[in-house]
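Undergrad: Before I ask anything, here is the structure I am working with.
Every number here is computed from the coordinates shown, using simple stated rules; none is lab data. This is a predicted model, so every value here is computed, not measured. Note that each Cβ is placed from the backbone with ideal geometry, even for glycine, and that neighbours are counted across all protein chains shown.
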Amino acid sequence: MMNQKLIERAARDLLTSKKTIAFTGAGISVESGIPDFRSAGGLWEKFDPEEYAHIHAFYANPEKVWLMLKDMFTLVMTAKPNPAHLGLAELERMGLLSTIITQNVDGLHQAAGSKNVIEFHGSHRTLSCLKCGTTTDGTLLQIEDLPARCPHCSSLLKPDVVFFGEPIPPGAQATSFRESRSCQLVLVVGTSAVVYPAASIPIMAKEAGATVIEINMEPTPLTGHVSDYLISGSAGKIIPAIVEEVKRQR
Ligand code: APR
């Protein structure tokens, strides 16, 4: 049962905010069929991130890391935006959401129609050869093409997603920090808020005076400390309910 009072409060906060951003994590794509990382049944339950998601693991044993990547790519290639992604895109069209900063690499915000999306952890859309530097288009890959090899030197390609131990793309980090310091409201959707520097985004927004609304199935380290309130439940239900309430109050 959704908390109608908090839905109404979120709609009021959206309508009064002069600049709103969203900060999203894997939870927003769960209803598109992509498991998150740390919930029961998540990707890190199946693959130890230290062994599969660290850049040194990829250098040491790319074939092994591609076992995890193949799982991820298979899901991402067939996933469609869900009502949560579509709701954020609608808020952008209504002029009520200026930027989405996402930790996700699935491209579902853009597929839902969101225009201003910052991919803090890169994206699966391109892959790079760590040997010869060739970059190839990941969207043309078929499942049978995996693991992806460089067309020039046949080494295993690495998706342009940020592995643990790699830096955040400098442009994405600088723009994200600027957005978080200049917003009045941040919607924190579907993230456990345990991975830094990404998780510093809602904290920076709070320090700059913004209201922080969490939408999550469960409390996180932000809840009760950084977030003004948590709307518990699935993003695919809560975000469309907020959009409907905004239309009602407008
Ligand atoms: N609606 C809302 N929240 C949900 C839903 C849902 N339908 N399903 C799951 N969640 C919540 C979970 O309760 C959890 O708090 O989404 C959060 C997902 O947390 P993680 O699996 O840790 O994903 P995320 O926060 O995006 O991880 C951050 O860690 O492994 C790295 O690079 C990876 O970008 C990722 C980063």
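Undergrad: Where does helix 62-78 land angle-wise versus the long Cα axis of the chain, in degrees 0 to 90, nearest 10?
TA: Roughly 50 degrees between the two axes.
Undergrad: Right, here's the next one. Under a plain spin-label model, where a point goes 7 Å from the Cα along Cα-to-Cβ, how far apart in nm are M217 and Q249?
TA: 2.7 nm
Undergrad: Size of the dipole of the range 111-231 about the Cα centre, Lys and Arg at +1 and Asp and Glu at -1 on the beta carbon, nothing else charged, in debye to 20?
TA: Computed charge dipole of the range 111-231: roughly 300 debye.
Undergrad: While we're here: What are the residues whose amide H is under 5 Å from the amide H of T211, where those residues sit 5 or more places off or on another chain and H is modelled from the backbone?
TA: L185, V186
Undergrad: Could you run the Karplus curve 6.51 cos²θ - 1.76 cosθ + 1.60 with θ = phi - 60° over the range 111-128 and give me ³J(HN,Hα) per residue in whole Hz, x for Gly and Pro?
TA: After applying 6.51 cos²θ - 1.76 cosθ + 1.60, I find 5, 7, x, 5, 9, 9, 10, 9, 9, 5, 10, x, 8, 7, 5, 10, 10, 10 Hz.
Undergrad: May I pose another question? Please work out the FRET efficiency for the pair R178 and T74, using the Cβ-Cβ distance as r and a Förster radius of 45 Å; give the result to the nearest 0.05.
TA: E(calc), rounded to 0.05, equals 0.80.
Undergrad: Please compute the alpha carbon radius of gyration of the chain, then divide it by the globular-protein estimate 2.2 N^0.38 Å. Two decimals is fine.
TA: 1.02
Undergrad: Could I ask something else about it? Considering only DSSP beta bridges with both partners in the chain, what is the antiparallel share in %, to the nearest 5?
TA: If we restrict to bridges inside the chain, about 25 percent are antiparallel.
Undergrad: Residues of the range 141-169 with backbone nitrogen within less than 14 Å of a virtual label 7 Å along the Cα-to-Cβ line of H56, please, listed as ranges.
TA: 164-166
Undergrad: Based on the mean of other Cβ atoms within 10 Å per residue, sort peptides 168-175, 64-71 so the most packed one is first.
TA: So the peptides 168-175, 64-71, ranked by packing, come out 64-71, 168-175.
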